[in-house]
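Here's the structure we're looking at; comments come further down.
Laboratory data are not the source of any read-out in this text; all were calculated from the coordinates shown. Model, not experiment: these values are computed from the prediction. Neighbour counts run over all protein chains shown; Cβ positions are idealised from the backbone, glycine included.
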Ligand code: AHR
């Protein structure tokens, strides 16, 4: 008993001494350091976890053109109890969209048709309007009609419309349905009424209210979340999806532009990558293709940043290599992409961009050569790509790979080669435990300032998985990322861009975790990691200034991590301070180098003493930023940083 009492007393003593230790941080507001790229904090988009089809691409019908390997995957044929008709699939031999279906109804008093299950259901909102469309050709003289029904998860009809007037040639027919109820797991029925035969393809259903009301558009709530991050750039389309499991499965941008119905559907590499989480129904319709990615980047104010295959399939899979004599077509794809994005409308690919609706250039400036490639095979290919691209487009900046890991033999070899090849940027990736991020806040302190700049193109704190395989998007991970990011900002001289990865995940159809934004068919949730990214990107400074404790930058000293910048446009000192201690910290902030700072400051904090805390689709507010105004008197004042907190402090430079 006495022993326990003594132990308790000494614990209290330790905690109170930690609490009362008063750290003084001096912010040298008059000492200009490196400029910070206005595009520093950006987005990494990959079609993983149903991020595109079933996610941000607002199409609600899965396998709308019957091109999945199993033509009726996602569909159920509805023939009635005594079948009086047929539903068959036909193949035209057209290379891009070969299949269509034919529905025959032999009886005027029966109904034949089919039902689509959507992507783990369809998210339907009461009162909302849905745009249905379909390509139809009538066969024969009979005049059947179509009945389109939205059906909720109990089987009740929650919206319906009829279509008629079909001809013996292929035509697109459209109708709008207004939903009478909300359901996250609704489905769509397409029923042939009356005797006759109809052939159909591209059976599609979109909410009318897409992002910017575009046809073939994107899910509004998800794009809004991207917009709210004020991202500097949008990296697309990945990730390993660029590489493919083999070369046939690689991402080929030319197959994703032009008419939507002519974009060839292929299976998504993430349909079979992760054991236990291999959705056989994960395909790429490419309804969200390169044109739509460029448009999305433009909409959200981000610089477009495509990553292209450089003749190498994913080295974690087949590692298939394009023979060097075959590399020309890969290089041509890169050159043509630059023309598609930036070329005059008189050029072949610039003309296509204009025909698709965007005569003005997309202002492409940077291009990634390969994703997570490694080995001499990569260097050989990167050299050939670099020479060809720079010859035709000397101002396009290139991004080289140093593989999937943050260090090691491959990494060192690739860095050595990158210094010789001199791409403008080198793409580093790290998926590591939270402690790694805390320990590595000084990673870039001694990087070669003359070498290529760093693009921290994929990073996220990963802890051990839960029994269902999911790794949590919890506060501890986000806090560790914030601590690490102060190190990225402090080293803006070498770090040009950074993006958390991956971006999106469907709660019922994910393969990878953690992710920045989770969603179901109706709603989405910003994770603590999202708020960390948002607080950095919306408080990006113009240049770095020193923030010192005992004359040293702060990257883990007393579990504090600090970076400071000047935002010249707002004329504000912006301090980012992470307190990774489990207790609050009293800190003296001493602003030197300005005559007098304002008498109040804006403070935004993200904090929780529960390091395991997450935000979930049905618990969205567990951890959210809190903003307040705090009075200060003079240039030196006490600031209390809550336990386990990220603090963004903005102070006007002169009172
Ligand atoms: O972000 C998920 C995957 O992680 C990416 O596809 C790949 O580049 C990395 O290995």
Next item on the list: Mind jotting down a quarter of the surface of the convex hull over the alpha carbons of the range 456-562, in square nanometres, one decimal?
Entry: 8.0 nm²
Notebook entry, point to check: So what is the relative contact order of the chain, in percent, for Cα pairs below 8 Å that sit 6 or more residues apart?
Noted result: 16 percent
Check: Tell me, what is the Rg over Rh of the range 33-141, with Rh the Kirkwood radius over Cα pairs?
Finding: 1.17
Next item on the list: Output the Cα-based Rg and Dmax of the range 339-448 in Å, rounding Rg to one decimal and Dmax to a whole number.
Entry: 17.7, 54
Margin query: What does the extension gain come out to for residue 317 and residue 91, with contour length at 0.36 nm per residue minus their alpha carbon separation?
Written below: 78.2 nm
Checklist line | Distance between the range 98-116 and the range 498-555 - C-alpha centres, whole angstrom | finding: 48 Å
Checklist line | Förster radius 30 Å - calculated FRET efficiency between residue 391 and residue 212 (Cβ-Cβ, nearest 0.05) | finding: 0.20
Next item on the list: Round to the nearest 10 and give me the degree value, 0 to 90, for the angle of helix 528-537's Cα axis relative to the longest principal axis of the chain.
Entry: 70 degrees
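Can you check how the C-alpha radius of gyration of the range 103-215 compares to 2.2 N^0.38 Å, as a plain ratio? Don't jump to the answer; show the numbers that get you there.
On the way: Rg = 14.2 Å, N = 113, 2.2 N^0.38 = 13.3 Å.
Computed over Cα atoms of the range 103-215, the ratio equals 1.07.
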Next item on the list: With label points built 7 Å along Cα→Cβ from the Cα atoms of residue 609 and residue 571, find their separation and express it in nm.
Entry: 4.1 nm
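For residue 174 and residue 419, compute 0.36 nm times the residue count separating them, minus their Cα-Cα distance, and round to one decimal in nm.
82.6 nm
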Next item on the list: Take each of the peptides 639-649, 154-164, average the number of other beta-carbon atoms within 10 Å over its residues, and list them starting from the highest.
Entry: 639-649, 154-164
Notebook entry, point to check: Under the Kirkwood approximation applied to all pairs of distinct alpha-carbon atoms, what is the hydrodynamic radius of the range 135-174 in Å?
Noted result: 11.6 Å
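So what is the relative contact order of the range 172-307, in percent, for Cα pairs below 8 Å that sit 6 or more residues apart?
With pairs under 8 Å counted, the relative contact order is 23 percent.
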Notebook entry, point to check: Quick one: helix 327-342 against the long Cα principal axis of the chain, what's the angle to the nearest 10°, folded into 0 to 90?
Noted result: 80 degrees
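Give me the percent relative contact order of the range 244-331, please, defined on Cα pairs under 8 angstrom at least 6 residues apart.
32 percent
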Check: Label point 7 Å out from residue 626 along Cα-to-Cβ: which residues of the range 513-542 have amide N under 17 Å?
Finding: 528, 531-532
Checklist line | Alpha-carbon centroids, the range 259-304 and the range 129-181: separation in whole Å | finding: 27 Å
Margin query: Sorted from largest to smallest, which semi-axis lengths in Å does the alpha carbon gyration tensor of the range 268-397 give for its equivalent ellipsoid, taking the root of 5 times each eigenvalue?
Written below: 27, 22, 12
Next item on the list: Report, in deg cm²/dmol and to the nearest 500, the calculated mean residue ellipticity at 222 nm for the chain, where each DSSP H run with n ≥ 4 adds -39500 (n - 2.57) and the sum is divided by the residue count.
Entry: -6000 deg cm²/dmol
Notebook entry, point to check: If one computes the Cα centroid of the range 598-644 and of the range 360-376, what distance in Å separates the two points?
Noted result: 38 Å
Margin query: Residues of the range 48-79 with the amide nitrogen closer than 12 Å to a label point 7 Å from the Cα of residue 267, along Cα-to-Cβ, please.
Written below: 68-70
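How would you rank 266-272, 581-587, 76-82, highest first, on the average number of other Cβ atoms within 10 Å across their residues?
On the way: 266-272: 21.1, 581-587: 17.6, 76-82: 13.3.
Sorting 266-272, 581-587, 76-82 by mean packing, highest first, produces 266-272, 581-587, 76-82.
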Next item on the list: Any chance you could get the radius of gyration and Dmax over the Cα atoms of the chain, in Å?
Entry: 27.7, 98
Notebook entry, point to check: Using the alpha-carbon atoms, what tilt in degrees (0 to 90, nearest 10) does helix 409-421 show relative to the longest principal axis of the chain?
Noted result: 90 degrees
Margin query: Could you order the peptides 232-239, 565-572 from most to least packed, using the average number of other C-beta atoms within 10 Å per residue?
Written below: 232-239, 565-572
Notebook entry, point to check: On average over all directions, what projected area in square nanometres does the range 343-396 have, based on the convex hull of its Cα atoms?
Noted result: 4.7 nm²
Notebook entry, point to check: Could you list, bin by bin from short to long, the percent of Cα-Cα pairs of the range 175-292 in 5 Å steps?
Noted result: 2, 8, 13, 17, 18, 18, 13, 6, 3, 1, 0, 0
Margin query: Given 10 °C and 1.306 mPa s, compute D for the range 97-160 with the Stokes-Einstein relation, Rh being the Kirkwood radius over Cα pairs; round to the nearest whole µm²/s.
Written below: 110 µm²/s
Checklist line | Isotropically averaged projected area of the range 299-351, using the convex hull of Cα atoms (one quarter of hull area), nm² | finding: 5.4 nm²
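Given the C-alpha atoms of the range 509-639, compute the convex hull and give its volume per residue in Å³.
Working: hull volume 19.0 nm³, N = 131.
Spelled out: Cα convex hull of the range 509-639, divided by residues, is 145 Å³.
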Next item on the list: State whether the range 565-645 is rounded, prolate or oblate according to the following rule on the C-alpha gyration tensor (a ≥ b ≥ c being the square roots of its eigenvalues): a/c under 1.5 gives rounded; otherwise a/b larger than b/c gives prolate, and the remaining case gives oblate.
Entry: prolate
Next item on the list: Arrange the following residues from fewest to most other Cβ atoms within 10 Å of their Cβ: 187, 633.
Entry: 633, 187
Next item on the list: For the chain, give the share of DSSP beta bridges that are antiparallel, in percent and rounded to the nearest 5; count only bridges with both residues there.
Entry: 75 percent
Checklist line | At 0.890 mPa s and 25 °C, Stokes D of the range 149-217 from Kirkwood alpha-carbon radius, µm² per second | finding: 175 µm²/s
Margin query: Between residue 543 and residue 508, what is the label-point separation in nm under the 7 Å Cα-to-beta-carbon projection?
Written below: 5.4 nm
Check: log10 I(q)/I(0), Debye, Cα-only the range 322-369, no solvent, q = 0.17, 0.25, 0.27 Å⁻¹?
Finding: -0.52, -0.84, -0.91
Check: What is the Cα coordinate range of the range 474-516 on the first, second and third principal axes, sorted by size from largest, in whole angstrom?
Finding: 41, 21, 9
